[in-house]
Amino acid sequence: MPVVRVQTKDFDTDAIVSDLTQGRTDIGAIVTFTGLVRDLPEKTLQSMTLEHYPAMTEKALQEIVETAMQRWELFDVAVIHRVGELQPADRIVLVVTTSAHRKDAFQANEYIMDYLKTRAPFWKKETTDAGGHWVEARDSDDEALSRWD
Amino acid sequence: MPVVRVQTKDFDTDAIVSDLTQGRTDIGAIVTFTGLVRDLPEKTLQSMTLEHYPAMTEKALQEIVETAMQRWELFDVAVIHRVGELQPADRIVLVVTTSAHRKDAFQANEYIMDYLKTRAPFWKKETTDAGGHWVEARDSDDEALSRWD
Amino acid sequence: MINVLYFASLKEALGTSAEEIEADNNITDVGALREWICARGEPWQSSLGQQQRLMASVNQQLARPDTQISDGDEVAFFPPVTGG
Amino acid sequence: MINVLYFASLKEALGTSAEEIEADNNITDVGALREWICARGEPWQSSLGQQQRLMASVNQQLARPDTQISDGDEVAFFPPVTGG
């Protein structure tokens, strides 16, 4: 059963990976992606606040995960996404994919991140000395989707 | 500085990732690949022994990592590969890539694994009730290389 | 009634996160709802006008301008997402 | 002398992991060395013959049949690698 969680608190990657792998001897490949809060080039980021659409978020993530599990041979998937106020270097998101083979684990993980970035209802607001401003969506994220068509 | 290690003992993924990320606020993406010993379909694997060519192994891995660091925008890379006798579900290999952006971290990690699988001097021998036999190289691993040309 | 939600920069620009809009025969899909909201003038015209790149959902599923809506639906408008 | 190493299944088939071979003018590259070894007959002929898919390295760098070798080099032959 895939794990999908949206939470304010930090997560323990090792514990989540252990939950997916414990007691199994058929897993050949584990891929994890961790997204972190990056400081601005001028090192002026005070905090980053993640807003979301609570009624929709887990539903949207679940749908992305299910599509990935149909498309690749996966044993399991975990997606953890944080919301609320975060600091530079804080973890934002974790995606774990387990499979018999590395290609499935890699591709499914990248697919999930590409869709999460463009389809899941999260918004980032950066706070600096100069105040707060909403992060703009990047065209490169839309382009990343096209190769999965 | 990239970390490349060949060792008999297990590794602590969290500690290795912490080493690469500690004190930095410019990392946006961390990808880890972990390869595990898979049991045979009939669940008959007693152990797997990894032999290597000690004088060459770290050199070969270092070269693969350097090529990846030239090709993608990476902050750091760690490659840890175990040798000796392992049991089903044991960790064999860890590749960690850190970058500002997820695409670089994903692609460099997959590239390193594709080259490691086909260019680094490791050999697997499986032991079952029926004795030991050397694992055959897979054509799909050679094919995986072609997309990086 | 249609329960309409706004998020992120759109919510801030409008100064509200939700409103209820009477479902009537002219509001059959997401595009029509958006036009109806804009037709009320400012601040909606600037924030929800066609010049704004927005995403929409109906009952927590991503939607397109031609996605049908009916009485009791929850419709959300929001800027392109930036999570992950 | 050329220091020749064998690994994995090739080492087991030959019953040896290393040997020293006199560098002479006929052994200028990896391909020539392999042929010279095979020409000694069994068990080398079966294990290093052209029908066997093998990899080779010279001084710990992957090599091709036309990679030059000279006195003092370390040359290794091994089956396709299977790590990771």
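Any read-out appearing in this document is the output of simple, stated calculations on the displayed coordinates, not a laboratory observation. None of the values given here were measured: they were computed from a predicted structure. So basically every Cβ, Gly included, is an ideal-geometry build from the backbone, and we count neighbours across all protein chains shown.
Considering all projection directions equally, how large on average is the shadow of the alpha-carbon convex hull of chain D, in square nanometres?
5.1 nm²
Between residue D:40 and residue D:64, what FRET efficiency follows from the Cβ-Cβ distance if R0 is 22 Å, with the result rounded to 0.05?
So, using R0 = 22 Å, E works out to roughly 0.45.
Provide the percentage of antiparallel DSSP beta bridges, counting only those with both residues in segment A:1-98; round to the nearest 5.
75 percent
Once every DSSP H run of n ≥ 4 in the protein assembly as shown is given -39500 (n - 2.57) and the sum is divided by its residues, what mean residue ellipticity at 222 nm do you get, rounded to the nearest 500 deg cm²/dmol?
Rounded to the nearest 500, the figure is -9500 deg cm²/dmol.
Hey, which lysines would be in cross-link range of residue B:59, C-alpha to C-alpha under 17 Å, not counting anything within fewer than 8 residues on its own chain?
Straight-line reach from residue B:59, under 17 Å: B:117.
Counting C-alpha atoms alone, how compact is the protein assembly as shown: give Rg to one decimal and Dmax as a whole number, in angstrom.
Considering the protein assembly as shown through its Cα atoms, Rg and Dmax are 27.9, 96 Å.
Within 12 Å, Cβ to Cβ, of residue B:21, how many net charges do the neighbouring residues add up to if Lys/Arg are +1 and Asp/Glu are -1?
Result for the local shell: -2.
Evaluate segment B:43-86: find the radius of gyration of its Cα atoms, find its Kirkwood radius, and give the ratio Rg to Rh.
1.14
Using a basic spin-label model with each label point 7 Å from the Cα along Cα→Cβ, how many nm lie between residue D:17 and residue A:138?
4.8 nm
Just to confirm the filter: which trypsin sites (Lys or Arg not before Pro) across segment A:1-83 are DSSP coil and have at most 11 other Cβ within 10 angstrom of their Cβ?
A:9, A:43
In nanometres, what is the gap between the two model label sites at residue B:40 and residue A:44, each 7 Å from Cα along Cα-to-Cβ?
Distance between label points: 6.4 nm.
Just tell me, in residue order, which DSSP H segments of chain B are both 15 angstrom or longer along the helix axis (alpha-carbon based) and at least -0.5 in mean Kyte-Doolittle hydropathy.
What comes out of the filter, once short or polar helices are dropped, is B:54-71.
Estimate the FRET efficiency between residue C:71 and residue A:8 by the formula 1/(1 + (r/R0)^6), using the beta-carbon distance for r and 45 Å for R0, to the nearest 0.05.
The pair residue C:71/residue A:8 has a calculated efficiency of 0.80.
So for chain A, what are the equivalent ellipsoid semi-axes in whole Å, largest first, each being the square root of 5 times an eigenvalue of the Cα gyration tensor?
The equivalent ellipsoid of chain A has semi-axes of 28, 17, 14 Å.
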